[in-house]
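*Asks:* Got a structure here, written out as structure tokens. Questions coming.
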Amino acid sequence: MKKILSSFFCVFALLTIHAQGLYIEMKISTNGEKEIINGLMKAYSQDGNSRTEMNMNMPGAPAGMGNITMLTLKSNANTVYMINEKNKTYSEFTSASEPEDMKDYPQSEYEVTLLGMEKVNNYVCKHVSVKRKGNNHETEMWTTTEIDGYADFAKVKTKYTGKANMYKALEAKGAVGFPVRIKSIDHGHEVRIDLVKAEKRNNPAVLFSLSGYTKQEGAAMPGGAEMQEMMKQLQNMTPSEREAWIKRMQEQHGHDPH
């Protein structure tokens, strides 16, 4: 269980949006030999602010661990706010550096292979494989330009998207666009992301407001895992440190880490 939870968090908990007036909804699944995680992620942006909501089914995890809401605000861009909707509280942390998973590399380091044309999630797509030189890790993407304003969506920054030089490498192969499907292997588990909806729209200001919430220092997430600790680890830890953290969390709450 610790490896599949690690895979899930390192992929999705780092999502940020820098574009204006967007809504993105994605279906997520992560599976291995015995364990399956699935759920939905919704991301909103407006006027430089962003909100990400994740609702995941994660067997064996502490209760509520798969329900996470995060805010980043233009007025304090280096701070992430973890929202507890039930208790109307929030906790915050500040990151001084960009996580390794989010970094872009020189265009020459990306190896893009065009695998063909396919229709995926009702979009005509270019199916590509993306690797970085010196790294055996492969990511498959199905990119499309059929989404209205696709270039704005392509700027959304995640582990797999929003990287200018990688985008240039895709462009050089004639595969620009926003990915409507992403497949990758992480810690022996297949991670798959499918686009459900992507649209430009005016999102209400209340989605990006802390009004009515009370700051809680060292606030605990459902299941007892501290928000501060979780987010610091997710931002900065190595893969082995991620696994160790997941193991400690599960042992602390009486869950079998295997």
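*Asks:* Taking F208 as meeting all but one of (1) in contact with a Leu (Cβ under 8 Å, 6 or more places away or on another chain); (2) surrounded by fewer than 20 Cβ atoms within 10 Å (Cβ to Cβ); (3) outside the structural domain of H137 (by TED's automatic domain parsing); (4) among the hydrophobic types (A, V, I, L, M, F, W, C), write down the number of the exception.
*Replies:* (2)
*Asks:* Quick check, is D104 surrounded by 14 or more Cβ atoms within 10 Å (Cβ to Cβ), outside any strand (DSSP E or B) and among the acidic types (D, E)? Break it down into steps so the answer makes sense when it comes.
*Replies:* Working: surrounded by 14 or more Cβ atoms within 10 Å (Cβ to Cβ): yes; outside any strand (DSSP E or B): yes; among the acidic types (D, E): yes.
The answer is yes for D104.
*Asks:* Do you know which residues across the range 134-166 are within 17 Å of the chain's Cα centre (by Cα) and without any contact (Cβ under 8 Å) to a residue 24 or more places away in the chain?
*Replies:* The one that is within 17 Å of the chain's Cα centre (by Cα) and without any contact (Cβ under 8 Å) to a residue 24 or more places away in the chain: T161.
*Asks:* With respect to E53, is the statement that it is at pLDDT 85 or above, touching a strand residue (DSSP E or B) at 6+ places or on another chain (Cβ under 9 Å) and acidic (D, E) true? Working first, answer last.
*Replies:* Details: at pLDDT 85 or above: yes; touching a strand residue (DSSP E or B) at 6+ places or on another chain (Cβ under 9 Å): yes; acidic (D, E): yes.
In short, yes.
*Asks:* Which residue pairs have Cβ atoms under 6 Å apart, sit 6 or more places apart or on different chains, and have a first residue in the range 41-58 that is of a type in the set (D, E) and a second that is in a strand (DSSP E or B)?
*Replies:* Cβ pairs passing all conditions: E53/K42; E53/T69.
*Asks:* Kindly establish whether Y81 is among the aromatic types (F, W, Y), at pLDDT 75 or above and out of contact with any Phe, Trp or Tyr (no Cβ under 8 Å at 6 or more places or on another chain). Before the answer, list the steps.
*Replies:* On the way: among the aromatic types (F, W, Y): yes; at pLDDT 75 or above: yes; out of contact with any Phe, Trp or Tyr (no Cβ under 8 Å at 6 or more places or on another chain): no.
Criteria not met by Y81.
*Asks:* Out of curiosity, is Y167 closer than 25 Å to G21 by Cβ and assigned to a loop (DSSP other than H, G, I, E, B)? Talk me through it step by step, then tell me what you get.
*Replies:* Working: closer than 25 Å to G21 by Cβ: yes; assigned to a loop (DSSP other than H, G, I, E, B): no.
Judged against the criteria, Y167 is not a match.
*Asks:* Please go through the range 211-240 and give me each residue that is surrounded by 15 or more Cβ atoms within 10 Å (Cβ to Cβ) and either at pLDDT 90 or above or in the same structural domain as W142 (by TED's automatic domain parsing) (or both), ordered by number.
*Replies:* Matches in the range 211-240: Y213 only.
The values are calculated or read from the model by the stated rules, or taken from the named source; none is laboratory data. Quantities reported herein were computed from a predicted structural model and do not represent experimental measurements. Cβ sites come from the backbone with ideal geometry, for glycine too, and all protein chains shown count toward neighbours.
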